[in-house]
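Encoded as structure tokens, the structure appears first; notes follow it.
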Amino acid sequence: VRPGPDGSGRLLAWVVPREGAHPTGRGLRAHTASRLPSYMVPAAVVPVAALPLTVHGKTDFAALPDTPGAEAPTADGAAAPRSAREEILCALFAECLGQPHVTRDDDFFELGGHSLLALGLIGRVRSAFGVELSVRTLFEATTPAALAGRLDEA
């Protein structure tokens with residue numbers, strides 16, 4: 001358990017991938033979500049090259065990295081915002097979640113968001129766009145791209 005952007009605890013998991021495998025944190029989290037009850041699914045699964053060890057040969061949990069930020073956009077720009085609205089939403093997600101970068105396809109909850117942070121994001125969206133969203137809307141449209149679509153409908 002590590003502190004999240006708002007100081008509350010977040011369940012994290014670390015995994016050492018097999019040689020030649022290049023899993024993403026998002027893919028690993030989806031894999032765990034398909035096999036564990038929702039309350040046991042970590043907020044993030046962080047791939048690491050090796051588990052750090054103490055001088056006694058036990059896992060050094062303090063030396064494990066915190067969850068990385070959102071994955072960087074791909075070289076072809078597929079994850080880059082496609083509109084000014086998406087660009088603003090990406091910035092609002094990043095600000096709310098304490099992330100350095102959020103792409104249009106990054107999931108609010110996969111990046112550590114929860115209901116209290118959702119309320120903060122809803123307030124930021126209200127200030128930026130003058131639109132009142134429900135928490136349910138954010139639970140249904142969890143990425144900047146999906147939320148931009150909902151705002152276009154409003």
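No value in this document is a laboratory result; all are computed from the given coordinates. Everything quoted here is computed from the prediction, not taken from an experiment. Please note: Cβ atoms are built from the backbone with ideal geometry, for glycine as well, and neighbour counts cover all protein chains shown.
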Explain nothing, just the number: relative contact order of region 84-153, from Cα pairs under 8 Å at least 6 residues apart, as a whole percent. 36 percent
Search the structure for amide H atoms under 5 Å from the amide H of Arg10, placed 1.01 Å from N in the peptide plane, and list their residues when 5 or more places away or on another chain. Arg2, Gly4
Quick check: the angle from helix 115-129's long axis to the longest principal axis of the chain, C-alpha only, nearest 10 degrees? 40 degrees
Whole-Hz Karplus couplings 3J(HN,Hα) for region 17-31, θ = phi - 60° and coefficients 6.51, -1.76, 1.60, Gly and Pro as x, run x, 4, 4, x, 8, 10, x, 9, x, 5, x, 5, 5, 4, 4
What percent of all Cα-Cα pairs in region 2-63 falls into each 5 Å bin, going from 0 up to the bin containing the maximum distance? 4, 16, 21, 22, 21, 12, 4, 0
Points 7 angstrom from Cα along the Cβ direction at Glu87 and Val55: gap in nanometres? 5.4 nm
Cα convex hull volume per residue for region 84-153 (Å³): 73 Å³
Measure of compaction for the chain (Cα Rg per 2.2 N^0.38 Å): 1.13
From the mean inverse distance of alpha carbon pairs (Kirkwood) and the Cα radius of gyration, derive Rg over Rh for region 111-150. 0.92
What angle, in degrees between 0 and 90 and rounded to the nearest 10, separates the Cα long axis of helix 144-153 from the longest principal axis of the Cα atoms of the chain? 20 degrees
Compute the relative contact order of the chain as a whole-number percentage, counting only Cα pairs closer than 8 Å that sit 6 or more residues apart in sequence. 19 percent
